[in-house]
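The values are calculated or read from the model by the stated rules, or taken from the named source; none is laboratory data. What you see is a predicted model, and the numbers here were worked out from it, not measured in a lab. Quick reminder, even Gly has a Cβ in these numbers, built from the backbone with ideal geometry, and neighbours come from all protein chains shown. Quick note on the areas: whole protein, heavy atoms, side chains included, nothing else; ligands and nucleic acids left out. Shrake-Rupley method; radii C 1.70, N 1.55, O 1.52, S 1.80 Å.
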Amino acid sequence: MPGWRLRRAVPADAPAIWAIHTRAIRETASSHYPPESVAAWSGRMTPGSYVEPIEARVVIVAEDDDGRVAGFAQLNPREGIVQACYVDPDFNGRGVGRALMAAIEDEARVHGRTALLLDASLNAIGFYASLGWHEEARAHHELAPGAWLDCAIMTKKIA
């Protein structure tokens, strides 16, 4: 198993982050959502859409030994919201998501957070639960006319 190097994302990472986000939705989340929801969800972003979050929030990438970006996670530290954690499907099951979430929790603590909140896609609920997150409620977000995304609102105390 490769060793993951975790680091803060830089704007040059935006295309890799976009590709991972898009592939993860289309190849992993598609098992839990209808095609119109997957299309609306995966089509909302462009590579340029990631530059502002990289500059304004905490975005961490995991790289493998060859320098390939294997996943990313995003935190809004002011609000204590984990806004993303996506792993390239080629790296599923290799600890990338766990490493990213541990790093996000560390960053949140540095910013004085004692608890975190996230909206988990249906396919990711088990992953977050295995990391100690608790489901509080379900939500139903409209992505586009006729395209909905069901998710679980989850919390975790990190103090």
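Key figures for this structure:
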| item | result |
| --- | --- |
| Listed peptides 115-127, 68-80 by packing density, highest first (mean Cβ within 10 Å) | 68-80, 115-127 |
| Area accessible to solvent at I60, 1.4 Å probe radius, in Å² | 10 Å² |
| Debye, to nearest 20: dipole size of segment 1-155, +1 on Lys, Arg Cβ, -1 on Asp, Glu Cβ | 180 debye |
| Label-to-label distance, nm, for residues given as D150 and M45 (7 Å Cα→Cβ offset) | 2.4 nm |
| Gyration tensor over alpha-carbon atoms, segment 1-102, equivalent ellipsoid semi-axes in Å | 20, 17, 13 |
| Assigned charges on the beta-carbon of Lys, Arg, Asp, Glu; segment 1-75 dipole about Cα centre (debye) | 120 debye |
| Alpha-carbon Rg/Rh ratio, for segment 59-159, with Rh computed the Kirkwood way | 0.98 |
| Chain lengthening between V10 and E27 when straightened (0.36 nm per residue, less Cα-Cα) | 3.6 nm |
| Label-point gap, in nm, between E55 and D90 - each point 7 angstrom along Cα→Cβ | 2.9 nm |
| Cα principal axis extents for segment 33-84, largest first, Å | 33, 33, 20 |
| Probe 1.4 Å, protein heavy atoms only - accessible area per residue of the chain in square angstrom | 49 Å² |
